[in-house]
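Notes follow once the structure below has been shown.
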Ligand SMILES: [Zn+2]
Ligand SMILES: [Zn+2]
């Protein structure tokens, strides 16, 4: 098992100490764990301010490397980050990614117009179709313009938040066409996607993206794919990763991807 998406106390929504996560991962027989704490530039907060939601990256790296050395005989530990992608912040995102020698960068869309999807502004006075269209249009612009990431995080994560707003959160044909365009750009640019298993914990009963999008990516020639639990708590480390490997095998994938210093390496499933 390779868990390519784990948050620690460096993310302000996680309470998981890095060493606790490592010990748990070792116990579970995980071969490699990648810490991917959150960085969001210029986002709206409930106090009305637009702020950079960043963490102390130099300390993060220092602590991570200390544990990497300490546990080197038991588990491989990689330096990652999950960055919220926004077109207006492109230059600063590039700078941040280039400033440190990350092994792996997840680029995710967590916000629309600086509002975190969590706050549900996207869904106000909108049908599900309108909200999804707005979301995927934004993702398409981002994949066209921003390149400083390895895999796109939880591509259809809008479904996770739509879950509390609409009875039907499925993706229809118009949205699927937009997603196809997005996947083609991702593939053409040599980027990949992640399969995020946390959807099951959020009640949507599927991975993000779901099996249809994963099949579409495969049929379009997509090969770069990582799997991550998006753990914010100890018990979520490794969550449904083996089941997801089975799912990928069923779809026809032969390899998953690992990264070192931003370079993909393929591991047979
Ligand atoms: Zn995320
Ligand atoms: Zn995450």
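Please treat every number below as a calculation from the coordinates, not as lab data. It should be emphasised that the depicted structure is a prediction, and the values quoted were computed from it without experimental measurement. Here the Cβ positions follow ideal geometry from the backbone for every residue, glycine too, while neighbour counts run over all protein chains shown.
Under the rule a/c < 1.5 gives rounded, and otherwise a/b versus b/c splits prolate from oblate, where does the range 3-151 land using the Cα gyration tensor? Please report the intermediate quantities before stating the final value.
Values: a/c = 2.04, a/b = 1.89, b/c = 1.08.
Prolate, because a/c is 1.5 or more and a/b exceeds b/c.
Evaluate the relative contact order of the chain (contact order divided by residue number), counting alpha-carbon pairs under 8 angstrom at least 6 apart; express in whole percent.
The value is 21 percent.
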The range 193-235 versus the range 64-85: alpha-carbon centroid distance in Å: 21
Residues 109, 229, 15 arranged by fewest to most Cβ contacts within 10 Å: 15, 109, 229
Most mobile of 37, 236, 56 in a GNM of the chain (Cα contacts under 10 Å): 56
Share, in percent, of DSSP beta bridges within the range 70-173 that are antiparallel, nearest 5: 20
Theoretical gain in end-to-end length, residue 235 to residue 45 [0.36 nm per residue, Cα-Cα removed]: 65.6 nm
Residue among 119, 104, 35 with the largest mean-square fluctuation in a Gaussian network model of the chain, springs linking Cα atoms under 10 Å: 119
Length gained when the stretch residue 27-residue 100 is fully extended (0.36 nm per residue, less Cα-Cα span): 23.3 nm
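Neighbouring Cβ atoms within 10 Å as the yardstick, rank 166, 118 fewest first.
Fewest to most other Cβ atoms nearby, the residues stand as 118, 166.
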Neighbour-count order for 31, 145, 240, fewest beta carbons within 10 angstrom listed first: 145, 31, 240
Three-way shape call for the range 154-213 based on the alpha-carbon gyration tensor, with the a/c threshold at 1.5: oblate
Shape category assigned to the range 71-192 from the gyration tensor of Cα positions, a/c cut at 1.5: prolate
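Between residue 218 and residue 268, what length comes free when the chain is fully extended (0.36 nm per residue of separation minus the Cα-Cα distance, one decimal in nm)?
16.4 nm
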Most mobile of 93, 174, 26 in a GNM of the chain (Cα contacts under 10 Å): 174
FRET E, pair residue 164, residue 246, Förster distance 35 Å, beta-carbon r, rounded to 0.05: 0.75
